[in-house]
Structure formats: C-alpha cells, structure tokens
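The structure follows.
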Amino acid sequence: MSTWAARLENPLSARLRDPATTGFAGIFLGAFAAFLAIPPIEARAFVWPIVVGIVAAALGIWTTTRGRRRLGWGAVVSGLLGIGLGILATRSGTENLKSVFDATLIAQTFGLATPLVFGAIAGTFSERSGVVNIGLEGMMLMGAFWCIYGADKGGTWVVGLLLAAGVGGLLALVYAFFAIHLRSDQIVGGTAVNFLALGITGYFFVQLYHNAQIPNGVSLLPNVHFLSGVKFFGAAIGDLNVLTWASFVLVIVAYFVLFKTPIGLRIRACGEHPRAADTVGINVYAIRYGCVVLSGMLVAIGGIYLSEGPQGNGTFLFNMTNGRGFIALAAMIFGNWRPAGAFGAALLFGFSSAIALRLQVYSPQAGTLFQALPYVLTLIAVAGVIGRTVAPAADGKPYAKQ
C-alpha cells in the first residue's frame, strides 16, 4: 500500500477502533435487533435478532475492556433487550405488529416530539446564557391558549402564532426581571411563573369563552403535503405539520447560532464565566435578557402545536400542557445542553408516547401503564443514569456587575 493511501486509511481505522464509536454502534445494533421483525423489514426468523443482538453485546464488551464501562454496558444491555424484544416480535401476529409499528408511527412520533423540541431548544438558549428557565411549562401553556384566541379573533393562524410568541416573550421578560435584575432564586421564580400562567389562562378561558369549547372554524396550522404516492415514506413524513418541519429547521439554526457564530460564543461565555465575559466587554445582562425572552417565545410557539396542531384541532383545555414543559427540560438535560442531543431526547420521549397510545391493541391496561413511560424516562434523564451531563458552569447563578 502506498504512503498516501495508508494516511487516508489510518484515520478511518482509528475511528472504527474508538471505544465511543463501537459503544454507540452496539447500542444502535441492539435497537435494530428489536425492530427486525416489524415493518418495513419484517424478518420473521428468530435467529436474526439473536445474531444482531450478540454482535451488539460483543461490541459493548469490547468497549468495556477499553475503559468506557458505562457506554459499554449500555451496549450490552441494548443487545440483550434487542434479542428479547426481537424474539417477542417474531412470536406476535403480523397484523398486530402492523397496527402498532407502521409508517404512521414515525409521523406520530415527530408530532408528539414537536412541542418538546421547541421547549428543549428554548431551555438550551436560556441555560447556555446562565439562567435556569423552570417556567417553560407555564410559557408553553400561555402559547397554547393565546394562539387559539389570536387565530379566532384574527381569522388566521399566523395572527395566533404572533400573539402566542409575543405573550410568551412578555412572560419570559417578567421572569427575567426577577431572575437577572433582582437576582431572585430562579427555581422559585420559574415555579411562580408556572402557577401564574395556569391562573391567567384559566381566568381568560372562563372570561372569553365561558369555559366552553372554542368555536368551530378556527384557523389551524397547515400540514405540508408531499410524497403522497411513495410507499412508507409518504405515510411517514409526507403529511407532517408545518410546525414539525419548523422544529427540524430550529435544531439546525440553534446549533449554528450557538456554536458557529460570535453571538453564540458570547452566550456560552455568559453561561460559563460571566465575570470574564464582562471583563472583555460583553453585556452579560443584555445577553441573558435576550436569551430568556427568546426561550419564552420559542416554547410558546411549541405550545401552539398542542391546541392548533392535528391533535389539538383548535381546542383548549385547562392545563393542557400536562407537564410537557418539564419533559422538555429533561430532554435538554438528556441532550447535554446541545441542540442535536435535545432533539434526539425529544424524539425518544415522543416515540415512547406514541408506542403507549398504540399498545391498546394488546391490552388497554398495558397501554395505560405505558403512558407513564415519558415521565419515567424524564426521571432517568434527570438522575443521570444514561450518562454524566455537565451543565454550564454559571447556570442558575445570578450575576452582579461590579
């Protein structure tokens, strides 16, 4: 082999031998083994999940011997679970599997993850600047109500979106004043914002709509239609809501802003070492105010999906967020305060919710039990069982300019 060819090959071979690469590959293969018997692959022979699961476990063991024990044992567990679930899938009826695991499961996962993605990215901006925004739940609820009111009175969902974003940003500004200017406890302040939003939406819902159903004909968020004639992909991604597609774009834009632009560097500096940032001329207060208000606007837009999206269908219910703001915070922590990681965690929570809804085919009791899956995953994420997460150094710490 020539010298230049060896130089090209060595980085690839080194990366393939990297314990992180083999560990994550083992986790992926373990998950893949569980899905071999379901559409669209439908490999019904039980030997396939066994083979793939064994390979996943072997990669995990190899990773463990190279010092990455937590990641390696995660791959081993993934492989064993993949074997068990894959064999169970081969024993299940084909029609039952298709009713649970079909192309629309992907669309439903994306839909359920949409408000979580907006909430997780909103929390990422706020906490990267050094402010813990526990009030995401309340800001999301405000967005869910005021978008309905704006669409009802303004005649179009665009008015509802603008009103919801404005109200969410205004509530976030109130919270930012207490957290940044008055340097109050951010956890207590965020909790107060949640209760305040609950009271405001409940009061105006009674005053404006007399606690009854929103009138029919409210302008709803449109779906993006394409790939209608394409098998599987048409049902999976060919009819997603416009806000779902916007969440995909948001993840990319958030990553680019936070890690590839000067303003992103300033945001991260304020969250890591505000004193040093202030020394070099960065206005820490302005950065934090801007990020908290932005987080309020983003999470309020995520709340729009709950009432204006396909599931809400133009309705509002008291406390309809039902803890999604806190799940979004958990997704942010799960994703290690990074947009891509938060997006992946939101998809995991959305998938668990979608599976819970579909397990009614097997047992209504099991389906009800699995409704708790997103909250169990939230506890696992916050407890750090999946892996060690490192928050920005100054996250949650008030800053006083000297």
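The values are calculated or read from the model by the stated rules, or taken from the named source; none is laboratory data. All values derive from a computational prediction rather than experimental measurement. In this analysis, Cβ positions are derived from the backbone assuming ideal geometry, glycine residues included, and neighbour counts consider all displayed protein chains. With ligands, DNA and RNA removed, areas are computed over all heavy atoms of the protein, side chains included. Shrake-Rupley method; radii C 1.70, N 1.55, O 1.52, S 1.80 Å.
For MET297, what accessible surface area do you get with a 1.4 Å probe? Give it in Å², rounded to 10.
Rounded to the nearest 10, the figure is 80 Å².
Suppose every Lys and Arg Cβ carries +1 and every Asp and Glu Cβ carries -1, with no other charges. What dipole size does segment 102-383 come out with about its Cα centre, to the nearest 20 debye?
460
Can you give the Rg to Rh ratio for segment 290-348, taking only C-alpha atoms and Rh from Kirkwood?
1.01
How far apart, in nanometres, would the label points at LYS401 and GLN311 be if each is projected 7 angstrom from Cα along the Cα-to-Cβ direction?
Output for this residue pair reads 4.3 nm.
Further, regarding this structure: Taking 8 Å as the Cα distance limit and 6 or more residues as the minimum spacing, I'd like the relative contact order of the chain as a percentage.
Numbers: 754 pairs, mean separation 92.0, N = 402.
The normalised contact order for the chain reaches 23 percent.
With the dipole of the chain worked out from charges on the C-beta (+1 for Lys and Arg, -1 for Asp and Glu) around the Cα centre, which of ALA354, LEU116, ALA330 lies farthest toward the positive end?
Most positive-ward Cα: ALA330.
A follow-up question, please. Could you please put VAL159, VAL251, VAL280, VAL390 in sequence from largest to smallest accessible area, using a 1.4 Å probe?
Working: VAL159 60, VAL251 20, VAL280 115, VAL390 85 Å².
Highest to lowest solvent-accessible surface, that is VAL280, VAL390, VAL159, VAL251.
Another question, then. Indicate the helices, whole DSSP H runs only, in the chain that combine a mean Kyte-Doolittle hydropathy of 0.5 or more with a Cα extent along their long axis of 30 angstrom or more.
Span-like helices in the chain: 69-91, 103-128, 186-209, 284-308.
How large is the accessible surface of TYR255 in square angstrom, using a 1.4 angstrom probe and rounding to the nearest 10?
Roughly 90 Å² of TYR255 is accessible to a 1.4 Å probe.
Right, something else. So what is log10(I(q)/I(0)) for segment 102-383 at q = 0.09 1/Å, when the Debye sum runs over its Cα atoms only?
-0.42
Going from most exposed to least, what order do PHE195, PHE178, PHE110 have by accessible area with a 1.4 Å probe?
PHE195, PHE178, PHE110
Continuing with this model, one more query. Leaving ligands and nucleic acids out of the surface, order SER184, SER247 by accessible area at 1.4 Å, largest first. Write out the running numbers ahead of the final one.
Values: SER184 35, SER247 0 Å².
My answer, sorted largest first, is SER184, SER247.
Starting at 0 and stepping by 10 Å, how many percent of the alpha carbon pairs of segment 263-369 end up in each bin?
Going from the shortest bin to the longest, the percentages are 12, 29, 32, 16, 8, 3, 0.
Note the full-extension length gain between THR156 and VAL206 as 0.36 nm times their separation in residues minus their Cα-Cα distance, in nm to one decimal.
Numbers: separation 50, 0.36 × 50 = 18.00 nm, distance 2.24 nm.
Once the chain is fully extended between THR156 and VAL206, it gains 15.8 nm.
Taking only DSSP H segments of four or more residues, each worth -39500 (n - 2.57), what value at 222 nm results for the chain once the sum is divided by all its residues, to the nearest 500 deg cm²/dmol?
It comes out at -23500 deg cm²/dmol, rounded to the nearest 500.
Separate question: Give the longest segment of the chain that steers clear of trypsin sites (Lys or Arg not before Pro) in DSSP loops with at most 16 neighbouring Cβ atoms within 10 Å, not counting the sites themselves.
Between the exposed loop sites, the longest stretch runs 232-387.
Charges on Cβ only, +1 for Lys and Arg, -1 for Asp and Glu, centred on the Cα centroid of segment 102-383; of ILE263, LEU163, VAL132, which one is farthest towards the dipole's positive end?
Of the options given, the answer is ILE263.
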